[in-house]
Ligand code: GLC
């Protein structure tokens, strides 16, 4: 017995000594440290590190399925997700470090997507702010709250480009464009991971869903993805790479197959691209049971093969399917999987644990004191309110109906979402308690304490019950102004929430038009997680604000915008179609050989619909107006060594301060591949005082003009370019320049 305890004492000392150096950063190479532990591990313990299991937390408080507790104690679990709380994570961590032979600490992961307890706007809404500082701040606060509850890993940022709003998960990302999507991805990684992953208020990020999950055929979640290599690389892969280049330490493989090979066993994306081309050195975790789902995909006959094909393709950790824990040992014995492959996976996972400081102090994230102080603090709520207001997009404001007068005497607030706390925080709202959310009705009451405010539901979100309309019409008739709050239930977007129609659900449009008949002024607040086909709403109503799901401070933020305490500055990160039949529709479309011509039947258009969107990418109004002039370039041509300096004057031509998102697009006139009519290559969000003129400067180089050329080589080509600038992707002023040799 003495021999064993001596062995364990030496072992512990070895681990502590090795770890101390790592955390203090004096250790030059994580590899040496992970190698030292790996050398001590049995095959069973190695496989344990590759297994991630969920902790089923329910309303009676956290519990975990018995078998996992035992496996944690035996060192057979590398990470747990859906477990949070200083005490609860401490209890699970104690099971791992006090009972297992090698005392390797657990990772604790969770879907901290747009806030942890203080909930920020859904990600698509945050992206609509085009405000990278705000987005980073949101992720920073989320990381701090999550780490205060024992979490050290989030399954975010979701970097999936989405051009099909039928897909419910469009709400979780940053929309249709790789340039904007990349900027948002970088901001979120910075926010989550900070400058030092070992500090106790930062958490490991996870770039998901790798790859191209947002291109599901027919917008139907989990459906197949099939696209050219060029579109994959030129569009869908770009934000993932941006997040990885920003330092994200984990990646999650996606449910879908890509060009016939499921991502979870797709060596081309998990190893050839991710490791060999991008030099990603973190670890890859599968999505929920996506390893065993390979059987459903029809690419493997059984779970053992699923485990073998996925780990050999480059998957390091198996989320929840237990395929790795049940089969890898036998697969190694049968030489279907090389133990070296497992060693590599284990090292990647141990390295992240080192980087988080978990070997130095496994309980560093389990602070009851921080938990009590930080969660839902006034400061965090104030930040959520500010970012929610910045995320809202003013879609229409005919006759400057908005902003409203706070001294108004009476207001009817009508609609199935107006007082729904649950829907204010949207989907994937982590540990957010919707009971703590401020509804739109509450926000308006707080903003206008002296006004008589009547709330009427008007109708349900998604049924044909007309019994509540009469009451709503009466409320509108008996007040000076009506605010309609319409849209989708929070669970109508997010995972497994695809819709074949993008219309307002139920009879909301009918109810709204019945209310409009009162002749009272009516403004519309939309709460939704995807573009909707709201052409009738746009035709009938003078003012429409896209509020998305604004989060914990929803009502206050909506009121700030409605009553002008915040001048809306959001711009759409995704195109709003006129009808679902136009999908996929996005701004960076191509000219075709027969561009639409209303006077020529034989050109690219519909018989029954316009080619144009209802609202374009990059579109959003303000309570003030801006003009663009003096677009100048420092040179008429650039080669590989030159920088094109672009200057434009933006003037606030209105009567109140406002922020404008100045967008820069380019159009390559002739290329070896059909060039998009425009591509976003820069944006600046800036605040301008009334009457003030600001000169905005952009810099472009040949690097910014690279693309996958006709032979699929990545580079640029000499030629003539249009350079387009404006406050959206349609109303643009232009100049031109040439790219010349040498390149
Ligand atoms: C879900 C989602 C993924 C999430 C994971 C863990 O199915 O696809 O985004 O991170 O499972 O909850």
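The values are calculated or read from the model by the stated rules, or taken from the named source; none is laboratory data. Predicted model, so just to flag it, every value in this text is computed and none were measured. A quick note on method: Cβ atoms are made from the backbone with ideal geometry, for glycine too, and the neighbour counts reach across all protein chains shown.
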Kindly indicate whether residue 641 is in a loop (DSSP other than H, G, I, E, B) and at pLDDT 95 or above. yes
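When you look at residue 156, is it closer than 28 Å to residue 382 by Cβ, within 16 Å of the ligand (Cβ to nearest atom), under 11 Å from the mean Cα position of the chain (by Cα) and not assigned by TED's automatic domain parsing to the domain that holds residue 386, yes or no?
Against the criterion (closer than 28 Å to residue 382 by Cβ, within 16 Å of the ligand (Cβ to nearest atom), under 11 Å from the mean Cα position of the chain (by Cα) and not assigned by TED's automatic domain parsing to the domain that holds residue 386), residue 156 qualifies.
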Is it true that some residue in the stretch 273-286 is more than 16 Å from the ligand (Cβ to nearest atom), assigned to a helix (DSSP H, G or I), in contact (Cβ under 8 Å) with a residue 40 or more places away in the chain and in contact with a strand residue (DSSP E or B) (Cβ under 6 Å, 6 or more places away or on another chain)? no
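Can you find a residue that is within 16 Å of the ligand (Cβ to nearest atom) and in contact (Cβ under 8 Å) with a residue 60 or more places away in the chain anywhere in the stretch 328-338?
No: zero hits.
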Here is a list: 485, 473. Which entry is within 17 Å of residue 547 (Cα to Cα) and either not assigned by TED's automatic domain parsing to the domain that holds residue 116 or not in a loop (DSSP other than H, G, I, E, B) (or both)? 485
Kindly indicate whether residue 151 is touching a strand residue (DSSP E or B) at 6+ places or on another chain (Cβ under 6 Å) and over 23 Å from residue 175 (Cβ atoms). yes
Which condition number in (1) in contact (Cβ under 8 Å) with a residue 60 or more places away in the chain; (2) surrounded by 17 or more Cβ atoms within 10 Å (Cβ to Cβ); (3) in contact with a strand residue (DSSP E or B) (Cβ under 8 Å, 6 or more places away or on another chain) is the one that residue 291 fails? (1)
Just need a number here: residues in the stretch 77-95 that are away from the ligand (no atom under 13 Å from the Cβ), under 32 Å from the mean Cα position of the chain (by Cα) and over 11 Å from residue 149 (Cα atoms). 5
Return the pairs, sorted by first residue and then second, in which the second residue is more than 14 Å from the ligand (Cβ to nearest atom) and not in a loop (DSSP other than H, G, I, E, B), the first residue lies in the stretch 488-499 and is under 16 Å from residue 434 (Cβ atoms), the beta carbons are less than 6 Å apart, and the residues are 6+ apart or on different chains. 489/423; 490/423
For the stretch 695-729, name all the residues that are loosely packed, with under 14 Cβ neighbours inside 10 Å, part of a loop (DSSP other than H, G, I, E, B) and touching a residue at least 40 places away in the same chain (Cβ under 8 Å). 712
Of residues in the stretch 202-220 being in contact (Cβ under 8 Å) with a residue 12 or more places away in the chain and surrounded by fewer than 19 Cβ atoms within 10 Å (Cβ to Cβ), the one farthest from residue 676 (Cα to Cα): 220
Residues in the stretch 168-201 that are in a loop (DSSP other than H, G, I, E, B), more than 16 Å from the ligand (Cβ to nearest atom) and buried (at least 24 other Cβ atoms within 10 Å of the Cβ) total 3
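Just to be sure before I move on: is residue 313 more than 24 Å from residue 34 (Cα to Cα), in the same structural domain as residue 293 (by TED's automatic domain parsing) and modelled with pLDDT of 95 or more in the structure I sent? Talk me through it step by step, then tell me what you get.
Numbers: more than 24 Å from residue 34 (Cα to Cα): no; in the same structural domain as residue 293 (by TED's automatic domain parsing): yes; modelled with pLDDT of 95 or more: yes.
Considered against the rule, which asks whether it is more than 24 Å from residue 34 (Cα to Cα), in the same structural domain as residue 293 (by TED's automatic domain parsing) and modelled with pLDDT of 95 or more, residue 313 comes out as no.
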Within the stretch 258-272, of all residues that are surrounded by fewer than 23 Cβ atoms within 10 Å (Cβ to Cβ) and over 21 Å from the mean Cα position of the chain (by Cα), the one farthest from the ligand (Cβ to nearest atom) is 272
Output yes when any residue across the stretch 130-152 is crowded, with 20+ Cβ neighbours inside 10 Å, within 15 Å of the chain's Cα centre (by Cα), within 15 Å of the ligand (Cβ to nearest atom) and closer than 22 Å to residue 197 by Cβ, and no when none is. yes
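Check the stretch 455-464 and report whether any residue there is closer than 30 Å to residue 378 by Cβ and either touching a strand residue (DSSP E or B) at 6+ places or on another chain (Cβ under 8 Å) or outside the structural domain of residue 172 (by TED's automatic domain parsing) (or both).
yes
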Tally up the residues in the stretch 494-512 that are farther than 23 Å from residue 413 by Cβ and away from the ligand (no atom under 16 Å from the Cβ), please. 4
If you take the residues of the stretch 425-448 that are more than 16 Å from the ligand (Cβ to nearest atom) and part of a loop (DSSP other than H, G, I, E, B), which of them is farthest from residue 492 (Cα to Cα)? 448
